[in-house]
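What follows is calculated from the coordinates using simple rules that are stated; it is not laboratory data. Keep in mind that what you see is a predicted model, and the values were worked out from it rather than measured. Glycine also receives a Cβ, built like all others from the backbone with ideal geometry; neighbour counts cover every protein chain displayed.
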């Protein structure tokens, strides 16, 4: 069963990367992806209207590609308004050449979904969850990251305990 879930998750993520077709997910599905991830994972929360988000995403994409050998995964989770899903988000991502998998979080109550990611999350974006279930590493950052800050965080998530 775990192998089947891993295969399905990998297929979805790989399919999203190539087709850049954005699908909606609920917080429970996102939680499952996070908990069952077998590889280091960066989950970046963003929106098309968030300038700091748009500024940092290219760094995330670049660093995820650089660290593919370490099985680093990146998932971009759009918190855009429902009327922008999926066409406007897809168009926005294509225009900016976002190659990482993107999903749209189909939730409207931040008081419900934010604490499921991290109890300290106020709902502000950009925000990123860094997690490595193999080492137990977990860090949540509710701020825009510079390229150097992101590199340091990636070194931490990949460090073997």
_Debye intensity ratio I(q)/I(0), log10, the chain, q values 0.16, 0.18, 0.19 Å⁻¹ (C-alpha model)_ = -0.90, -1.18, -1.35
*If each of residue 109 and residue 31 carries a label point 7 Å out from its Cα toward its Cβ, how far apart are those two points in nm?*
1.3 nm
*Take residue 96, project a point 7 Å from its Cα along the Cβ direction, then tell me which residues of the stretch 23-59 have their backbone nitrogen under 13 Å from it.*
44-59
*asked:* Can you give the FRET efficiency to the nearest 0.05 for residue 159 and residue 65, using r as the Cβ-Cβ distance and R₀ = 22 Å?
replied: 0.65
*asked:* Report the gain in length on full extension from residue 116 to residue 149: 0.36 nm times residue separation, minus Cα-Cα distance, nm rounded to one decimal.
replied: 9.4 nm
_Relative contact order (percent, whole number), the stretch 2-158, Cα cutoff 8 Å, 6+ residue spacing_ = 32 percent
*Report the far tail of the P(r) of the stretch 50-106, meaning the percent of Cα-Cα pairs longer than 17 Å.*
38 percent
*Which of 121, 49, 104 moves most in a GNM of the chain, Cα contacts under 10 Å?*
49
